[in-house]
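Colleague: This is the structure I have questions about; it appears just below.
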Amino acid sequence: FSLLTYQSPRCLSSVTPLNQPPHPTEENLKGLRSSKPNYELLIISALKDYSSMLLIPKGQGIHGHIAKLGLDCNIFIRNSLISFYSKCGLISSAKRIFDDCEKLDAVSCNIMLSGYVKLRYMNDARELFDKMPGKNCVSFTTMIMGLAQNGSSSEAIKVFQEMMMSGVLPNEVTMASV
């Protein structure tokens with residue numbers, strides 16, 4: 001439980017009551033099941049903070065508690081775990097969680113796609129992109145940016161054309177990437 005003592009000051013004034021710590025601690029982890037609205041915010045906020053500061057052991061500690069409490073089936077928590085591991089450069093851990101998903105959804109796919117692109121695993125990114133359901137502007141833009149930034153501009157243009165043919169409208173970021 002010592003991994004769960006970090007508390008971000010910026011969270012104290014945002015989403016949690018002043019009388020409750022913003023991140024899971026030994027005391028409030030015990031009551032997570034009974035306070036459903038709070039546990040998601042606490043865990044997601046902690047994982048986001050830990051990934052931004054690359055506090056990998058702390059995030060892994062939270063992950064352990066998530067598994068013990070059976071919260072890993074919660075889609076928001078699962079997506080936060082995928083994001084945490086991707087942002088920390090632990091793509092194999094992110095992929096393991098992603099692969100355990102019973103059903104692929106656009107958000108999970110976009111998070112995983114973004115992780116691959118960030119780490120320049122373009123073959124994995126392309127493989128996921130080609131099979132992912134419900135591609136949206138985020139999916140196409142992420143793939144286009146990744147291809148363009150990794151020297152595959154002609155492939156990026158092909159993905160942009162695919163985007164247009166599928167009826168997905170580009171945004172400003174998409175247009176700046178082509």
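The values are calculated or read from the model by the stated rules, or taken from the named source; none is laboratory data. Keep in mind it's a predicted model, so treat the numbers as computed, not measured. Don't worry about glycine lacking a Cβ; one is built from the backbone with ideal geometry, like all the others, and counts go over all protein chains shown. Areas reflect the complete protein model, heavy atoms only, side chains present, ligands, DNA and RNA absent. Shrake-Rupley method; radii C 1.70, N 1.55, O 1.52, S 1.80 Å.
Colleague: Excluding residues fewer than 8 places away in the same chain, name every one of the aspartates and glutamates whose C-alpha is closer than 15 Å to that of Lys95.
Modeller: Those aspartates and glutamates meeting the cut-off are Asp72, Asp105, Asp124, Glu127.
Colleague: Next up: What would the Debye formula give as log10 I(q)/I(0) at q = 0.14, 0.17 Å⁻¹ for the alpha-carbon point model of region 85-178, no solvent?
Modeller: Debye curve over Cα of region 85-178, log10 I(q)/I(0) at q = 0.14, 0.17 Å⁻¹: -0.46, -0.68.
Colleague: Further question on the same structure: Please calculate how many Å² of accessible area region 37-102 carries per residue, with a 1.4 Å probe and no DNA, RNA or ligand atoms counted. Intermediate values should be presented prior to the final figure.
Modeller: On the way: 3000 Å² over 66 residues.
Spelled out: the 1.4 Å probe surface of region 37-102, per residue, equals 46 Å².
Colleague: Here's another thing I want to ask about it. Mind giving me the nanometre distance, one decimal, between the label points for Leu104 and Asp72, set 7 Å out from Cα along Cα→Cβ?
Modeller: In this crude spin-label approximation the distance works out to 2.1 nm.
Colleague: Still on this model: Could you give the length gained on full extension between Ile56 and Asn123, defined as 0.36 nm per residue of separation minus the Cα-Cα distance, in nm? The partial results should precede the final answer.
Modeller: Details: separation 67, 0.36 × 67 = 24.12 nm, distance 2.58 nm.
Extra length from Ile56 to Asn123 when fully extended: 21.5 nm.
Colleague: Peptides 153-159, 40-46: what's the order by average Cβ count within 10 Å, highest mean first?
Modeller: On the way: 153-159: 16.1, 40-46: 21.0.
Taking the mean over residues of other Cβ atoms within 10 Å, the ranking is 40-46, 153-159.
Colleague: Right, next: Length gain on complete extension for the stretch Asp130 to Gln149, per 0.36 nm per residue less the alpha carbon to alpha carbon distance? Working shown, then result.
Modeller: Working: separation 19, 0.36 × 19 = 6.84 nm, distance 1.89 nm.
Extending this stretch completely gives an extra 5.0 nm.
Colleague: Report the gain in length on full extension from Cys137 to Arg96: 0.36 nm times residue separation, minus Cα-Cα distance, nm rounded to one decimal. The partial results should precede the final answer.
Modeller: Values: separation 41, 0.36 × 41 = 14.76 nm, distance 2.54 nm.
Gain in length upon complete extension: 12.2 nm.
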